[in-house]
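Below is one structure; the comments refer to it alone.
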Amino acid sequence: MMPVLLACLGYGLAITLLFARCAPWLRARPERMAMALAAICALLYLPVAGISFLAVLRGALGDLSIVTLIFLSILLLRGPRPLLPHAGFFVLMGLAFFFLSFGLLPLDLYALGYASAVLPCLTGGLAFLLWLRGWIVPSLALLAALAGWRLHWLDSTNLWDYLLDAPLVIVALGREVFLRVAKKPATQSAVK
C-alpha cells in the first residue's frame, strides 16, 4: 500500500509542478497548489481502458525514489530555487548505471545496494558531508532514503532504488545541458 501511495504522491507532485510552471495563477497561492495536487492525485487513479494512469506511469518509469519525492516536495513548498548547485552527481550515477548495464565493465553497481554495508555507509557519509557544506535538503533527502530503505517504503529491497530513478537522472541531465547551453552564448557575446 505504501509504495502505491508514494508513487501517487510523487507523480502528483511532478504533474502539479509542471502545471504550476505554466500557470502563474496556480503558483500564486498555496491553497490552489494544494487543491491542484489533491485533484491530480485523484485523477491518477481513474481507469483508462481498464488501467489507471498511475499504473501506466509506474510501469513505464518505475517508482520514484525517496530523494526525488523529497526534492519535489521542497520545490512545491519553496518554489523553483535550485536544490543543488550541481546536478552532475545524479547525471554521473545515472550514466554509470546505463553504461554498466550494457556490460562494458565487469562491475555491477546495482548489486551493492542489496546486502552490502558499503552503500549505506557511503550514503550516510555523503549526507554528513553535504550537511557540513550547508546543503541541508540534499542531506536530509539522503537520510530519508536510508530510513525508507530500512523501513521498506518501496517495493524494492535495493538501496539504489531509494536514491536514484530515471526521471531524476533525466531532469538532472536536462538541467546540466540547459545550464551549459545558456552559458555558451553569454560567453561568446562577451568575447566579441
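Given an 8 Å cut-off on Cα distances and at least 6 residues of separation, report the relative contact order of the chain as a percent. Relative contact order, the chain: 26 percent.
Looking at region 1-34, which chymotrypsin sites (Phe, Trp or Tyr not before Pro) are in a loop (DSSP not H, G, I, E or B) and have at most 13 other Cβ atoms within 10 Å?
none
Which of rounded, prolate or oblate describes region 1-63 when judged by the alpha-carbon gyration tensor and an a/c cut-off of 1.5? If you can, show how the numbers build up before the last one.
Details: a/c = 2.16, a/b = 2.01, b/c = 1.08.
In terms of gyration-tensor shape, prolate.
Computed over the chain, the Cα gyration tensor eigenvalues convert (square root of 5λ each) into semi-axes of 26, 26, 18 Å, ordered from largest to smallest. Residues in region 103-117 carry Karplus couplings, in order, of x, 5, 10, x, 10, 10, 5, 5, 5, 5, x, 7, 10, 6, 7 Hz; the curve used is 6.51 cos²θ - 1.76 cosθ + 1.60 with θ = phi - 60°, and Gly or Pro positions show x. For region 20-28, 3J(HN,Hα) computed residue by residue from phi via the Karplus equation (6.51, -1.76, 1.60; θ = phi - 60°) reads 5, 5, 8, 10, x, 5, 6, 7, 6 Hz, glycine and proline entered as x.
Read-outs: derived from the displayed coordinates by stated rules, not from any lab. Fair warning: this is a prediction, and the values are worked out from it, not measured in the lab. Backbone-built Cβ (ideal geometry, glycine too); neighbour counts: all protein chains shown.
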